[in-house]
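See structure below.
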Amino acid sequence: MFLAKGWKDYKLLDTGEGEKLENWNGYILRRPDPQAIWKKEKPNLWNKADAYYIRSSLGGGSWEFKKKLPERWMVSYEGLVFIVRPTGFKHTGIFPEQAANWVFMADKIKKAQKEISVLNLFAYTGAATLACIQAGAHVTHVDAAKSMVAWAKENAAASKLAEKPQRYIVDDCLKFVLREQRRGSRYDAILMDPPSYGRGVDGQVWKLEENLFELVEQSAMLLSDQPLFFIINSYTTGLGPSVTKNMLELTVGKMHKGSTQADELGLPVEDSKLVLPCGSTARWHA
């Protein structure tokens, strides 16, 4: 398991009975988590939640606030600053388990001893983008949601990285990749965090099981002659690490020498032996 370590502004306080209890820089949130099917270890802690997310039987859900919280606040990780905001889909703008990948990518970029170009697809609010920029890479950040790209730019400004080499694109990821092929563009590293289901800028329907392999295959053609890494994240239930690992082996692995590892991402629970599994990651690297 790839463990997310080094957090000071975030703590996973407890898990169980389909929920997780988190401290986001002083504000305690209670959110659903379908993986946490065991009993809660610290039941007395849960009444300290400042807000909790309630699922609706009609889909989606809403937040209930026990006290007034700021509309947004900041958390930091190793010099990076992120804006946290509870959204209507239970998310906060940050997936803290991804810190395991931020550290991995930053280490590869720093050790490369050359200028590295990174393509970040389905880049969301830009945490991985900023980790790569901070390490010295030039990053192209692509997401179909204009609001998420705007949020990513705010995170860059909060992290004092807005003047570093970067570009932000609002576009359908596959369409962008195909255009980059025609332009002859090349990248030293690629990462992607595709959703299970979504719609592109022009309303194109994205279904992970139907569209992911084509995207990986086409994206692999954008790699430079000496690529550094290719990462696929997945939060889709039933799509295990071995599935995305096989995709990388059949694409990047056939084109370039290197190795591929895949495993679950995990968040250690505070003062516990438990680790909460949070999706999976497959990594090809030189």
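When we screen THR236, THR260 for residues that are free of Cβ contacts under 8 Å to residues at least 60 places away in the same chain, farther than 22 Å from LEU178 by Cβ, in contact with a Leu (Cβ under 6 Å, 6 or more places away or on another chain) and part of a strand (DSSP E or B), the only hit is THR260. Where strands (runs of 3 or more DSSP E) fall wholly inside segment 119-221, the ranges with 2 or more residues that are of a type in the set (A, V, I, L, M) are 138-143, 166-170, 189-192.
Please find, within segment 1-33, the residue that is surrounded by the most Cβ atoms within 10 Å (Cβ to Cβ) out of those that are part of a loop (DSSP other than H, G, I, E, B) and in contact with a Ser or Thr (Cβ under 7 Å, 6 or more places away or on another chain). For segment 1-33, the residue satisfying everything is ASP33. Scanning segment 34-84 for residues that are of a type in the set (Gly, Ala, Ser), closer than 22 Å to GLU270 by Cβ and buried (at least 16 other Cβ atoms within 10 Å of the Cβ) returns ALA36, ALA49, ALA51. Just one of (1) under 17 Å from the mean Cα position of the chain (by Cα); (2) under 20 Å from ALA4 (Cα atoms); (3) in contact (Cβ under 8 Å) with a residue 60 or more places away in the chain fails for PRO195. It is (2). Can PRO268 be described as in contact (Cβ under 8 Å) with a residue 60 or more places away in the chain and either under 24 Å from MET105 (Cα atoms) or β-branched (Val, Ile, Thr) (or both)? For PRO268, the condition - in contact (Cβ under 8 Å) with a residue 60 or more places away in the chain and either under 24 Å from MET105 (Cα atoms) or β-branched (Val, Ile, Thr) (or both) - is met. Filtered by the rule that a residue be over 13 Å from the mean Cα position of the chain (by Cα) and either free of Cβ contacts under 8 Å to residues at least 40 places away in the same chain or over 13 Å from ILE83 (Cα atoms) (or both), segment 143-158 gives ALA144, ALA145, LYS146, SER147, VAL149, ALA150, LYS153, ALA156, ALA157. The residues on offer are SER272, SER280, and the sole one that is among the small types (Gly, Ala, Ser) and surrounded by fewer than 22 Cβ atoms within 10 Å (Cβ to Cβ) is SER272. From the residues in segment 178-195 that are touching a Ser or Thr at 6+ places or on another chain (Cβ under 6 Å) and closer than 25 Å to PHE95 by Cα, which one is surrounded by the most Cβ atoms within 10 Å (Cβ to Cβ)? Among residues in segment 178-195 that are touching a Ser or Thr at 6+ places or on another chain (Cβ under 6 Å) and closer than 25 Å to PHE95 by Cα, the one surrounded by the most Cβ atoms within 10 Å (Cβ to Cβ) is ILE190. Yes or no: segment 85-100 includes at least one residue that is under 18 Å from the mean Cα position of the chain (by Cα), surrounded by 18 or more Cβ atoms within 10 Å (Cβ to Cβ) and assigned to a strand (DSSP E or B). The answer is no; no qualifying residue exists. For segment 110-120, enumerate the residues that are surrounded by fewer than 24 Cβ atoms within 10 Å (Cβ to Cβ) and under 23 Å from VAL177 (Cβ atoms). If the condition is that a residue be surrounded by fewer than 24 Cβ atoms within 10 Å (Cβ to Cβ) and under 23 Å from VAL177 (Cβ atoms), then ALA112, GLU115, ILE116, SER117 are the ones that fit.
Read-outs throughout are calculated quantities, based only on the coordinates presented, and are distinct from any laboratory measurement. All values reported here derive from a predicted model rather than from experimental measurement. Neighbour counts are summed over all protein chains in view; Cβ atoms, including those assigned to glycine, are modelled from backbone coordinates with ideal geometry.
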